[in-house]
Each structure stands twice: as structure tokens, then as C-alpha cells.
Amino acid sequence: MFIFTKMTQIPVKINNKNPRLASYILSQYGGPDGELGASLRYLSQRFAQTEKSGIALLTDIGTEELGHLEMIGSIVTQLTKGEGAKSFDRYGVGDYYIDHANGVYPASAAGVPFSAAYLQSKADPIADIMEDMAAEQKARATYDNILRMCDDPDVTNIIRYLREREVVHFQRFGELLDMLQSKIK
Amino acid sequence: MENNRQMSAQQLMQKVSEAAFYVTDLKLYLDTHPDDARALRMFGEASRNAKACFEAFEKRFYPLFATSADCDSDWEWLVGTWPSQKMA
Ligand SMILES: [Fe+2]
């Protein structure tokens with residue numbers, strides 16, 4: 001089960017407004033390589049893991065990704081807080097405003113709604129962990145793209161931190177893969 | 001946590017999040033290195049420190065866990081900065 005804690009992994013405090021940047025960052029909420037897909041992927045795959053280490057790692061990383069989902073939602077909210085229709089339009093994201101206004105909706109930067117087709121669950125520990133390692137690299141690459149687009153230091157600090165976590169997750173999944181493969185041999 | 005009396009909510013939250021992060025990161029490491037004696041010792045210390053930080057924060061500011069919310073006269077759980085909000 002999950003117990004909610006009234007805090008984020010690092011504090012989210014964004015001082016400037018920027019609806020366009022918010023719409024880019026939203027991709028890590030509900031986009032193809034975002035935190036919603038990551039958490040659902042790991043929390044679903046764990047049911048088929050056989051080794052305790054695998055069950056634990058997928059549970060713990062899946063839980064951390066849920067926390068990251070919340071952080072992304074918080075960044076998007078703070079970047080658009082109080083901004084109205086005209087501001088969204090000036091920033092080039094009037095189309096987002098029409099459908100969601102200042103709401104946080106799980107979609108990609110291009111506006112494609114979240115889909116479970118972004119992830120798999122194969123009941124094959126090796127196939128699943130290999131997918132997870134690729135997913136961590138794709139998430140890391142998306143954070144790199146956001147960093148290239150972002151010139152707000154409050155946002156950059158948090159995005160760098162989240163990017164670093166994907167690198168750590170990749171490392172841990174790699175260790176798990178080695179463990180699983182040595183059990184097979 | 002001796003000098004937390006002078007800290008603002010924001011400063012103490014920084015300590016809480018650092019302490020909680022250390023636990024999270026060690027936990028992932030131990031999932032794939034369950035026999036690492038040094039990491040096990042570090043986890044014990046990290047875990048005790050995180051608990052002390054949570055307690056210090058909740059005592060001075062507001063509940064982080066619903067189980068810590070005061071319910072004598074009003075619903076204290078509503079108090080504090082929620083993850084969608086910016087800490088003042
Ligand atoms: Fe990750």
C-alpha cells in the first residue's frame with residue numbers, strides 16, 4: 001500500500017511564470033517517456049517478478065517515480081499559476097488552455113493524451129528489466145531535451161535532479177539484470 | 001537536530017528532504033546489494049536520522065503524515081504546504 005507524505009523529494013519552488021515551458025515539461029507527466037508511464041510500468045511488472053530483489057526494486061523505483069510525477073505536476077502548476085487565456089496564447093499554448101486551462105492533464109508536449117501503449121508487462125523478468133533500462137535512458141534523454149529548452153534556474157535545478165535519478169535507476173536495473181542472468185546460468 | 005529551533009519551515013524541510021532522500025537512495029542500493037554490511041550500517045543511521053527530522057518538523061510546523069495530525073479540536077491535516085503549492 002501507499003502512504004502519502006506531505007512533501008516532495010526536493011522542494012519545488014518556482015518563482016517565474018512560463019506557460020510554454022510548462023507545456024514542454026508536462027511531457028514528463030503524461031508523455032511517452034514520462035513519470036506516469038514509468039511508475040505504471042514498474043508497479044505493474046513487479047507482480048510477475050520472481051526474485052525478492054526484483055519485486056523490491058520495481059516497487060521502490062515505481063514508488064519514487066510516482067513522487068516524481070507529483071513534482072512535475074507541481075512545476076507545471078507553479079509555472080502557470082494565475083496566468084489567463086491571453087497569457088497562454090502569447091506563449092503559444094492557447095490550444096492547451098482551450099482544453100485544460102490551468103489544469104494538469106496527462107499528455108505529451110505535443111498534446112497526445114497518455115496511453116498505456118507506452119509500456120509493456122511481459123511476465124518475463126529479463127524482457128521487462130531490459131525495457132526498464134531503455135525507459136530510464138529515454139526519460140534521461142527527455143530531461144536533457146527539457147534542459148536545452150529551459151532558462152529558468154528554479155526549474156533547471158529540479159530537472160537536473162530528476163535526470164540524475166534516472167541515471168541511478170538505470171544503474172540499479174542493470175545490477176538486477178546481472179543478478180537475474182547469473183541465476184539462469 | 002539541536003539547532004532546529006531557529007530554522008524556518010523552508011530550512012527545516014530542506015533537512016527533512018535530504019534525510020528522506022538518503023534513505024530512498026540507500027534503499028534502492030540495498031535492493032540489489034542486500035549483503036553489503038557497510039550499506040546496512042549506513043541505512044540504520046540514515047533511517048534513525050530521517051525519523052528524527054520528520055519528528056522535529058512535525059513538532060514545529062505541520063503534519064507530514066496523516067497519522068501525526070492533531071485531531072483534538074480541528075483537522076490539522078489540512079495545515080501546511082501541499083505538493084501543488086509553493087512553500088512560503
Ligand atoms: Fe526513473
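Yes or no: A:ASP154 more than 16 Å from the ligand (Cβ to nearest atom) and either more than 14 Å from chain B (Cβ to nearest Cβ) or farther than 16 Å from B:TYR29 by Cα (or both)? Let's see the steps before the verdict.
On the way: more than 16 Å from the ligand (Cβ to nearest atom): yes; either more than 14 Å from chain B (Cβ to nearest Cβ) or farther than 16 Å from B:TYR29 by Cα (or both): yes.
Answer is yes for this residue.
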### Message
Against the conditions (1) surrounded by fewer than 19 Cβ atoms within 10 Å (Cβ to Cβ); (2) part of a loop (DSSP other than H, G, I, E, B), where does A:GLU83 fall short? Just the number, please.
### Response
(1)
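Mind listing just one residue for me: the one in the stretch A:115-144 that is hydrophobic (A, V, I, L, M, F, W, C) and open to solvent by 50 Å² or more (accessible area, probe 1.4 Å) and, of those, farthest from A:PHE88 (Cα to Cα)? Walk me through how you get there before you give the answer.
Keep residues of the stretch A:115-144 that are hydrophobic (A, V, I, L, M, F, W, C), which gives A:116-117, A:119, A:123, A:126-127, A:129-130, A:133-135, A:139, A:141.
Going one step further and asking which of them are open to solvent by 50 Å² or more (accessible area, probe 1.4 Å), we end up with A:116-117, A:123, A:130.
Details: A:ALA116: 29, A:ALA117: 30, A:ALA123: 44, A:MET130: 40 Å.
The extreme case among them is A:ALA123.
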#### Entry: A:GLY73, sole failed condition from (1) in contact (Cβ under 8 Å) with a residue 24 or more places away in the chain; (2) more than 14 Å from every other protein chain (Cβ to nearest Cβ); (3) open to solvent by less than 40 Å² (accessible area, probe 1.4 Å)
(2)
### Query
Got at least one residue in the stretch B:47-68 being open to solvent by 60 Å² or more (accessible area, probe 1.4 Å) and at the interface with another protein chain (Cβ under 9 Å from one of its Cβ atoms)?
yes
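Quick check: anything in the stretch A:165-176 away from every other protein chain (no Cβ under 14 Å) and not small (Gly, Ala, Ser)?
Scanning the stretch A:165-176, I find no residue that is away from every other protein chain (no Cβ under 14 Å) and not small (Gly, Ala, Ser), so the answer is no.
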### Message
Take the residues in the stretch A:145-185 that are out of contact with any helix residue (DSSP H, G or I) (no Cβ under 7 Å at 6 or more places or on another chain) and among the acidic types (Asp, Glu); name whichever of them is most open to solvent (accessible area, probe 1.4 Å).
### Response
A:ASP151
### Query
What do you reckon, is A:GLY111 surrounded by fewer than 22 Cβ atoms within 10 Å (Cβ to Cβ) and either assigned to a helix (DSSP H, G or I) or in contact (Cβ under 8 Å) with a residue 40 or more places away in the chain (or both)?
no
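The values are calculated or read from the model by the stated rules, or taken from the named source; none is laboratory data. All figures in this text were calculated on a predicted structure; none of them were measured in a lab. Note that each Cβ is placed from the backbone with ideal geometry, even for glycine, and that neighbours are counted across all protein chains shown. Side chains included, ligands, DNA and RNA excluded: accessible areas come from the protein's heavy atoms. Shrake-Rupley method; radii C 1.70, N 1.55, O 1.52, S 1.80 Å.
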